[in-house]
Amino acid sequence: MKIQASANNEASTWVTIGSFDGVHLGHQKILNVLSSKSQNRKTTAVAVSFFPHPAVVLGNITHPFYLSSLDEKNALLEKYGANEIFTFTFDKTFSRLSPRDFIRLLREKVLFSRLLIGYDFRLGADRAGDHQSLDKLGNEMGFSVEVINPVLYGDEPISSSRIRKAINEANLEQANAMLGYSYFVAGKVVHGDGRGKHIGLPTANVQPWIQKLIPAPGVYAAFTEVDKNQYPSVVNVGHRPTFYEEGALQTIETHIMDFSKEIYGKKIKIHFIERLRPEIKFDDVDPLMAQIKYDIINAKEILSDATKPPNLPA
């Protein structure tokens, strides 16, 4: 088990615990309460998390799953209020810890006086550590527990699983509304086949973290972030069926409007705003180019009304 960040053994420390994948609006509410109340009481706000995600380990998930990499998640946790971040390495041995053993282990590292948890939080083997059992442990060990009510989207609580579903269905407007920021995919710009440049539409091919969840295939209006500057873009996610047979490798290509800088090897970030259309197979290049020109016009209109995303640290 590995813990990131320096141990904090101040009894005044307040903590929250969770997987925090994506650090969505529900997580942000917990962090806001943690940060504001701990500041008022001059205590330290600590976020305790896990990596890999418990669902990945226990469900043997091998396909792209994560809304945020570990570095992205930690940066978001810090942005939204955590003073310190502790990350436990989650494996099947760790999953068998009882709630009591986990809390004892954590308090060896962080001697906290208050624990903030989400309304549906469960901890330890068989998810036995609910609010009531943690209250009992707190009475024994000297900490109090505060439950934070959920943030709703529609009539249901926001959750990372709802956001993953929306992204898989290309509903970026819904995903972004639940995240509280535009879903982004970061990666290095790598050389592609040069086809975009050849047809007069240069694109940057992005190589993301292999476990990052990628929006469903299609064409998207997006902002591409290069060196902390954001540019209106049209992004294609998919297999480019006009040029390649079924089963070709999926790519992420961004056409950055009114941009001509050389960015091979740079790490860039694509903030997805809205899906324009599904990926289509055209008979030849001419109808494809006509469609892309329409996509650019459509994207410009959408992005002109969209607020540029903040430069989220990652």
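Only the coordinates and a few stated rules stand behind these numbers; no lab work does. The structure displayed is predicted, hence computed values, not measured ones. In this analysis, Cβ positions are derived from the backbone assuming ideal geometry, glycine residues included, and neighbour counts consider all displayed protein chains.
What net charge is computed for the residues neighbouring Leu77, neighbours being all others with C-beta under 14 Å from the C-beta of Leu77, Lys and Arg scored +1, Asp and Glu -1?
-2
Counting only residues 5 or more places away or on other chains, whose amide H sits under 5 Å from the amide H of Ile252 once H atoms are built in the peptide plane?
HN-HN under 5 Å from Ile252: Val206.
Putting +1 on Lys and Arg Cβ atoms and -1 on Asp and Glu Cβ atoms, find which of Ser68, Pro52, Asn40 reaches farthest to the positive end of the dipole of the stretch 26-133.
Most positive-ward Cα: Asn40.
Once you've got the GNM for the chain with C-alpha springs shorter than 10 Å, pick whichever of Met178, Met257, Met289 has the biggest mean-square fluctuation.
Maximum fluctuation in the GNM of the chain, among the listed residues, is at Met289.
Given the -39500 (n - 2.57) contribution per DSSP H run of 4+ residues, what per-residue ellipticity at 222 nm results for the chain, rounded to the nearest 500 deg cm²/dmol?
Taking each H run of at least 4 residues, the total per residue is -9000 deg cm²/dmol.
What share of the DSSP beta bridges in the chain is antiparallel, in percent to the nearest 5?
Here the share of antiparallel DSSP bridges comes out near 60 percent.
Where Lys and Arg each count +1 and Asp and Glu each count -1, what net charge lies around His271 among other residues with Cβ under 9 Å from its Cβ?
On the way: positive: Lys269, Lys308; negative: Glu225.
Counting the neighbours of His271, the net charge comes to +1.
Would the stretch 182-304 count as rounded, prolate or oblate if I go by the C-alpha gyration tensor, calling it rounded below 1.5 in a/c and otherwise prolate when a/b exceeds b/c, oblate otherwise?
Cα axes put the stretch 182-304 in the rounded bin.
Which of the trypsin sites (Lys or Arg not before Pro) found in the stretch 105-197 are in a DSSP loop and have at most 15 neighbouring Cβ atoms, other than their own, within 10 Å?
Here the sparse-neighbourhood loop sites are Arg122.
Most fluctuating residue of Thr43, Thr254, Thr93 in a GNM of the chain with Cα springs under 10 Å: which is it?
With Cα springs under 10 Å in the chain, the top fluctuation among Thr43, Thr254, Thr93 is at Thr93.
Which lysines does Lys165 reach when only Cα atoms under 20 Å apart count, and residues fewer than 8 places away in its own chain are ignored?
Partners within reach: Lys73, Lys212.
Please return the longest stretch of the chain lacking exposed loop sites, where GluC sites (Glu not before Pro) count only if DSSP places them in a loop and at most 13 other Cβ atoms lie within 10 Å. Provide the component values of the computation, followed by the final result.
Working: sites that count: Glu169, Glu245, Glu246, Glu262.
Answer - 1-168.
Rank Ser35, Ser304, Ser19 by mean-square fluctuation in a GNM of the chain with C-alpha springs under 10 angstrom and give only the top-ranked residue.
Of the options given, Ser304 has the highest mean-square fluctuation.
Pull out a ≥ b ≥ c, the square roots of the eigenvalues of the alpha-carbon gyration tensor of the stretch 49-118, then state rounded if a/c is under 1.5, prolate if not and a/b is larger than b/c, and oblate in the remaining case.
Oblate, since a/c reaches 1.5 and b/c is not below a/b.
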